[in-house]
Amino acid sequence: MTEFLLGAAGFILLTVTVGLVRILAGPGNIDRTAAAQLLGTGGIAALLLVAGATGARGAEDVALGLALLAAFASVAFVNSVEQRPSDNAERADP
Amino acid sequence: MKSVADIFTIVAVCAGSFFFLAGTVGLLRFPDSLTRLHALTKADNLGLGLVVLGLLPQANGFLGGLKLVAVWLLVQLAGATVAQVIAEALRRRGPPP
């Protein structure tokens, strides 16, 4: 059973590496963010599978942390790139 | 003989991996950003959901399973909000070509 789980984790990591192509080729930065989010989730799935297979302590916590960071990274990136007119409006009013 | 739980795990994890593959293929093949966003959220939530479902019988004890479900819920929420934020940024940028 554990070798099956490790095999599945390897397969998911393979799909993640294939997804990296989109990060390289992605026309806009927004596509790269979306790709990073998907790859984050792939990493989480692989982590959970390895945790289930090897019973390593704390691997689920690492997956939890990765889930959080992936979300923050995407949102932070989008906020930094897109200058929202609404922000300027707030800044304009005294 | 493999117990029922093992068979269930194998089937669920295989289905989950398939959805990851579908998500990645969708990420690569879809024409523009908005459709890629669709591939992103649907595929990874479903893929991760099935993987977690498959891992539940393997998890040690009730708390382990609860933690797995917690990870999946967090990814659900994070994926949905990120997709909304990205879609809004895309819409603000103007109609896709």
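Cα centroids of region B:52-85 and region B:20-42: 21 Å apart.
Rounded to 0.05, the FRET efficiency of the A:Thr54 and B:Arg92 pair, given R0 = 45 Å and the Cβ-Cβ distance, is 0.50. Measuring r between the beta carbons of B:Gln84 and B:Ser3 and using R0 = 30 Å, the FRET efficiency lands at 0.10. Its residues counted as N, chain A yields a C-alpha radius of gyration over 2.2 N^0.38 Å of 1.43. The heavy atoms of A:Arg22 offer some 20 square angstrom of accessible surface to a 1.4 angstrom probe.
Extending 7 Å from Cα along the Cβ direction at B:Asp32 and again at A:Glu3 yields two label points whose distance is 4.9 nm. Per residue of B:52-61, other chain Cβ atoms within 10 Å of the residue Cβ number 4 on average.
Peptide B:27-35 is shielded by partner chain Cβ atoms: per residue, an average of 4 of them sit within 10 Å of its Cβ.
Counting every C-alpha pair in the protein assembly as shown, the share spaced more than 30 angstrom apart comes to 24%.
Rounded to the nearest 100 Å², what is the buried accessible area between B and A, both sides summed, probe 1.4 Å?
On the way: alone 6850 and 6390 Å², together 9640 Å².
Interface between B and A: roughly 3600 Å².
Scattering from region B:2-93 was approximated by placing one identical point on each alpha carbon and applying the Debye formula without solvent; log10 I(q)/I(0) at 0.21 1/Å stands at -0.97. In the full protein context, region A:2-80 carries 43 Å² of accessible surface per residue, based on a 1.4 Å probe and ignoring ligands, DNA and RNA.
For chain A, averaging the sequence separation of C-alpha pairs within contact (under 8 Å, six or more residues apart) and dividing by the residue count gives a relative contact order of 30 percent. Taking every residue in A:17-24 and counting other chain Cβ atoms within 10 Å of its Cβ, the average works out to 4.
Please report the relative contact order for chain B, taking Cα pairs under 8 Å with a sequence separation of at least 6, and give it as a percent rounded to a whole number. Across chain B, relative contact order equals 31 percent. Against chain B, whose longest principal axis is taken from its Cα atoms, helix B:4-29 shows a tilt of about 10°. Here the dipole of the protein assembly as shown is about 260 debye; that uses its Cα centre as origin and unit charges on the Cβ of Lys and Arg (positive) and Asp and Glu (negative). Counting only protein heavy atoms and using a 1.4 Å probe, the accessible area of A:Ile12 comes to about 0 Å². Placing pseudo-labels 7 Å out from each Cα toward the beta carbon at A:Phe72 and B:Val11 gives an inter-label distance of 4.0 nm.
How do B:Ser33, A:Ser74, A:Ser80 rank by accessible surface area computed with a 1.4 Å probe, from largest to smallest? It would help to have the intermediate numbers written out before the result.
On the way: B:Ser33 30, A:Ser74 5, A:Ser80 80 Å².
The ranking, largest first, comes out as A:Ser80, B:Ser33, A:Ser74.
The values are calculated or read from the model by the stated rules, or taken from the named source; none is laboratory data. These numbers come from a predicted model, not from an experiment. With ideal geometry, Cβ positions are generated from the backbone for all residues, glycine too; neighbour counts draw on all protein chains shown. Note: accessible area is taken over every heavy atom of the protein model, side chains too, but ligands, DNA and RNA are not part of it. Shrake-Rupley method; radii C 1.70, N 1.55, O 1.52, S 1.80 Å.
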